[in-house]
Amino acid sequence: MNSDGLYHISLMNGQARAILIESTCLVERAKQIHGLSKIATAALGRTMTAAVMMGSMLKGDTESVTTQIKGGGPIGTVLAVAHGDCTVKGYVDHPEIDLPRTGPKLPVGAAVGREGKLTVIKDMHLREPYVGQTNLVSGEIAEDFAMYFTASEQTPSLVSLGVLVSDERVEAAGGLIVQIMPGASEAAIASIESSAPMFMDISGTMKEYHLRGAVDQLLMHLEPEILETRQPVYQCDCSRDRLERVLITLGAEELNDMIAEQHGAQVDCHFCKKRYIFTENELRTLLQAAQLREG
């Protein structure tokens, strides 16, 4: 049973807003697809949880937000793509990476690294996508997204992201973004700032209370009003048609090489591991399309 859910919440009569998500099932799905180690589960799970919350802020279901973290650590790139309909997909370069614990928490920051950037690309079907980029703060991901909201979108935000993973499965995962709205009173700002420590163990809160109970545990003193309920889910939108278009864009020269050297092509989707086979004759058809395109 999928217990995941996402709430858009108004706080203190609109002086602030929150997005609260339980993302346990979608993170478990990613763990199964990619064979993620514990640390890779935590890194990708936190990133996908943030991405799907950001995707839920988009106006159209087919609009998308891509979040890419390149921190220079051994895990490589951590990438997640979410749409306005609350579907999300993601991958890490090195899903097998594991590092020894030095404390109670998984060393996600050490795996991700902090010598790099968080890049956010929003495709809202305008002429050009919006691209925002900030330097990583810690590689722990929640702090890095908080910095992105403050620096790139000029929206001071509290961000909490958590994944609790055992040897067998994802025990709990979730996230919270709290943003103060323009014109909020000093008292409202102080209330939210003083609440920040309560928000930090979001995965523990989700494990014990789940989504609806977490509203009471974390936000009841801030007069929460649930405005909207959504269903986040791990879902890849790859298709043969889409991959044919990608192959055509490689150009006639590269397609000719594939035909001559490989007599076909095998393409694996990064996000869902689905394998697509293209025969030599199919590549010849795509080659004709590429030649027409190149004029």
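Given (1) outside any helix (DSSP H, G or I); (2) surrounded by fewer than 17 Cβ atoms within 10 Å (Cβ to Cβ); (3) more than 26 Å from the chain's Cα centre (by Cα), identify the lone condition not met by ALA265.
Among (1) outside any helix (DSSP H, G or I); (2) surrounded by fewer than 17 Cβ atoms within 10 Å (Cβ to Cβ); (3) more than 26 Å from the chain's Cα centre (by Cα), the lone unmet condition for ALA265 is (2).
Restricting the range 268-279 to residues that are surrounded by fewer than 13 Cβ atoms within 10 Å (Cβ to Cβ) and over 25 Å from the mean Cα position of the chain (by Cα), which is farthest from VAL92 (Cα to Cα)?
So, considering only residues that are surrounded by fewer than 13 Cβ atoms within 10 Å (Cβ to Cβ) and over 25 Å from the mean Cα position of the chain (by Cα), the one farthest from VAL92 (Cα to Cα) is THR279.
In the range 79-100, how many are within 9 Å of the chain's Cα centre (by Cα) and either without any contact (Cβ under 8 Å) to a residue 24 or more places away in the chain or under 9 Å from THR66 (Cα atoms) (or both)?
Of the residues in that region, 4 qualify.
Kindly indicate which of THR66, THR62 is under 18 Å from VAL233 (Cα atoms), of a type in the set (Ser, Thr, Tyr), out of contact with any Lys or Arg (no Cβ under 6 Å at 6 or more places or on another chain) and surrounded by fewer than 18 Cβ atoms within 10 Å (Cβ to Cβ).
THR62
GLN179 fails exactly one of the following numbered conditions: (1) part of a helix (DSSP H, G or I); (2) more than 30 Å from HIS94 (Cβ to Cβ); (3) of a type in the set (S, T, N, Q). What is the number of that condition?
Condition not satisfied by GLN179: (1).
Just checking, which of SER195, SER185, SER191, SER138 is hydroxyl-bearing (Ser, Thr, Tyr) and under 21 Å from the mean Cα position of the chain (by Cα)?
Among SER195, SER185, SER191, SER138, only SER138 is hydroxyl-bearing (Ser, Thr, Tyr) and under 21 Å from the mean Cα position of the chain (by Cα).
Listed here are the residues, each with its yes/no results for (1) farther than 16 Å from HIS8 by Cβ; (2) out of contact with any helix residue (DSSP H, G or I) (no Cβ under 9 Å at 6 or more places or on another chain); (3) not in a helix (DSSP H, G or I); (4) not basic (Lys, Arg).
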{"residue": "THR41", "(1), (2), (3), (4)": "yes, no, no, yes"}
{"residue": "LEU44", "(1), (2), (3), (4)": "yes, no, no, yes"}
{"residue": "THR47", "(1), (2), (3), (4)": "yes, no, no, yes"}
{"residue": "ALA50", "(1), (2), (3), (4)": "no, no, no, yes"}
{"residue": "MET54", "(1), (2), (3), (4)": "no, no, no, yes"}
{"residue": "LYS59", "(1), (2), (3), (4)": "no, yes, yes, no"}
{"residue": "THR62", "(1), (2), (3), (4)": "yes, yes, yes, yes"}
{"residue": "LEU79", "(1), (2), (3), (4)": "yes, no, yes, yes"}
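Out of curiosity, is GLU128 out of contact with any helix residue (DSSP H, G or I) (no Cβ under 6 Å at 6 or more places or on another chain) and more than 28 Å from HIS210 (Cα to Cα)?
yes
Yes or no: the range 156-171 includes at least one residue that is over 22 Å from TYR209 (Cβ atoms), in the same structural domain as GLN15 (by TED's automatic domain parsing), of a type in the set (S, T, N, Q) and surrounded by 15 or more Cβ atoms within 10 Å (Cβ to Cβ).
The answer is yes, given that some residue of the range 156-171 is over 22 Å from TYR209 (Cβ atoms), in the same structural domain as GLN15 (by TED's automatic domain parsing), of a type in the set (S, T, N, Q) and surrounded by 15 or more Cβ atoms within 10 Å (Cβ to Cβ).
What are the residues in the range 250-262 that are outside any loop (DSSP other than H, G, I, E, B) and either in contact (Cβ under 8 Å) with a residue 40 or more places away in the chain or in contact with a Cys (Cβ under 6 Å, 6 or more places away or on another chain) (or both), if any?
Within the range 250-262, LEU250, ALA252 meet the criteria.
Which of the residues spanning the range 201-233 are within 26 Å of LYS105 (Cβ to Cβ) and either outside the structural domain of VAL178 (by TED's automatic domain parsing) or in a loop (DSSP other than H, G, I, E, B) (or both)?
Across the range 201-233, the qualifying residues are ASP201, PRO232.
Does the range 213-235 contain at least one residue that is more than 20 Å from CYS86 (Cα to Cα), β-branched (Val, Ile, Thr) and either out of contact with any Ser or Thr (no Cβ under 9 Å at 6 or more places or on another chain) or in contact (Cβ under 8 Å) with a residue 60 or more places away in the chain (or both)?
Looking through the range 213-235, none of the residues is more than 20 Å from CYS86 (Cα to Cα), β-branched (Val, Ile, Thr) and either out of contact with any Ser or Thr (no Cβ under 9 Å at 6 or more places or on another chain) or in contact (Cβ under 8 Å) with a residue 60 or more places away in the chain (or both).
Looking for whichever is touching an Asp or Glu at 6+ places or on another chain (Cβ under 7 Å), assigned by TED's automatic domain parsing to the domain that holds ALA142 and modelled with pLDDT under 95 here; the options are ASP85, ASP61. Which one fits?
Of ASP85, ASP61, the one residue that is touching an Asp or Glu at 6+ places or on another chain (Cβ under 7 Å), assigned by TED's automatic domain parsing to the domain that holds ALA142 and modelled with pLDDT under 95 is ASP61.
The values are calculated or read from the model by the stated rules, or taken from the named source; none is laboratory data. Given the structure is predicted, the values throughout are model-derived calculations rather than measurements. Please note: Cβ atoms are built from the backbone with ideal geometry, for glycine as well, and neighbour counts cover all protein chains shown.
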